[in-house]
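What follows is a single structure, written as structure tokens, with notes after it.
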Amino acid sequence: MSTASTSSADRLRITEIFYSLQGESSLVGWPTVFVRLTGCPLRCGYCDTSYAFTGGQWWSLTDILAEVARFGASHVTVTGGEPLAQPQCLPLLRQLCDQGYTVSLETSGALDIGGVDPRVIRVMDLKTPGSGEESKNCYANIELLTARDEVKFVITDEVDYRWCVACMTRWELNRRCSVLFSPAQGQLPPAQLAQWILDDRLPVRFQLQLHKILWGNSPGR
């Protein structure tokens, strides 16, 4: 790890690297190493990782790979912040895949996902009106999604829910990849979202954040 204030070609600014259970996506429950990159161009109203907006330390790719290997896990998730805001995220993802890990990327959907290694599972948000960042969605990313990818909606209220259903219909999202619906913590009762999904017979995966059920809102979980 390097603490030098430089953005040299082989370094990324990292907030934390930790080992936990994957709390979201189709990989939920798997012991996973999380590499949380620092920085994000969005400011979603429900964000639970604002501590990753600034700070962090510079790590070389070599040191990141060594730290990931130390935990002995088969799954790695690169998250943020917004990982793709740092160009060296792409080489990191590629090298993790080369090392034989099952690699997933958690991205806001605001930046181009086209350069991501095709071996990576891209878990991409579409930001709802209730997030306050709907205008940042890069809808061109939808055409790049494959069956191994996932689209996630964090839903704050019924307006958001109806917006998400309209997006699913417009782009036939469930035909492209898995679709995840999550209630925004403290804003939408989970049971209400579950009932809407059942009432409308939606082909989506309802999800709660397992790590928060287990450990609350503690960073590094």
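The values are calculated or read from the model by the stated rules, or taken from the named source; none is laboratory data. All values derive from a computational prediction rather than experimental measurement. Neighbour counts run over all protein chains shown; Cβ positions are idealised from the backbone, glycine included.
Summary of values
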quantity: Residue in region 132-140 that is touching a strand residue (DSSP E or B) at 6+ places or on another chain (Cβ under 7 Å), touching a residue at least 24 places away in the same chain (Cβ under 8 Å) and surrounded by 17 or more Cβ atoms within 10 Å (Cβ to Cβ) present; calculated: no
quantity: From the options V204, V159, V116, residue that is under 23 Å from T38 (Cα atoms), in contact with a helix residue (DSSP H, G or I) (Cβ under 8 Å, 6 or more places away or on another chain) and hydrophobic (A, V, I, L, M, F, W, C); calculated: V116
quantity: So E150, is it surrounded by 15 or more Cβ atoms within 10 Å (Cβ to Cβ) and either among the acidic types (D, E) or within 16 Å of E134 (Cα to Cα) (or both); calculated: yes
quantity: Residue in region 82-104 that is assigned to a loop (DSSP other than H, G, I, E, B), under 30 Å from E158 (Cβ atoms) and not charged (D, E, K, R) present; calculated: no
quantity: Count of residues meeting criterion [farther than 25 Å from D200 by Cα and more than 16 Å from the chain's Cα centre (by Cα)] in region 120-145; calculated: 5
quantity: Spans of helices (runs of 4 or more DSSP H) in region 114-221 with at least 2 residues small (G, A, S), over 17 Å from C44 (Cα atoms) and at pLDDT 95 or above; calculated: 190-199
quantity: Pairs where the first residue, in region 166-178, is closer than 13 Å to A147 by Cβ and the second is surrounded by fewer than 10 Cβ atoms within 10 Å (Cβ to Cβ), C-beta under 7 Å, 6+ apart; calculated: C177/A147
quantity: Region 187-221, residues that are closer than 14 Å to V154 by Cα, more than 17 Å from the chain's Cα centre (by Cα) and touching a residue at least 40 places away in the same chain (Cβ under 8 Å); calculated: Q187
quantity: Residue within region 43-61 that is touching a strand residue (DSSP E or B) at 6+ places or on another chain (Cβ under 9 Å), under 23 Å from R148 (Cα atoms) and among the β-branched types (V, I, T) present; calculated: no
quantity: Qualifying residues in region 110-131 (those that are of a type in the set (G, A, S) and in contact (Cβ under 8 Å) with a residue 40 or more places away in the chain) - the one surrounded by the most Cβ atoms within 10 Å (Cβ to Cβ); calculated: S131
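Rundown of residues vs (1) without any contact (Cβ under 8 Å) to a residue 24 or more places away in the chain; (2) out of contact with any Ser or Thr (no Cβ under 9 Å at 6 or more places or on another chain); (3) more than 30 Å from P183 (Cβ to Cβ); (4) not in a strand (DSSP E or B), yes/no style:
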{"residue": "S20", "(1), (2), (3), (4)": "no, no, no, no"}
{"residue": "S26", "(1), (2), (3), (4)": "no, no, no, yes"}
{"residue": "P41", "(1), (2), (3), (4)": "no, no, no, yes"}
{"residue": "C44", "(1), (2), (3), (4)": "no, no, no, yes"}
{"residue": "D48", "(1), (2), (3), (4)": "no, yes, no, yes"}
{"residue": "G55", "(1), (2), (3), (4)": "no, no, no, yes"}
{"residue": "W58", "(1), (2), (3), (4)": "no, no, yes, no"}
{"residue": "D63", "(1), (2), (3), (4)": "no, no, yes, yes"}
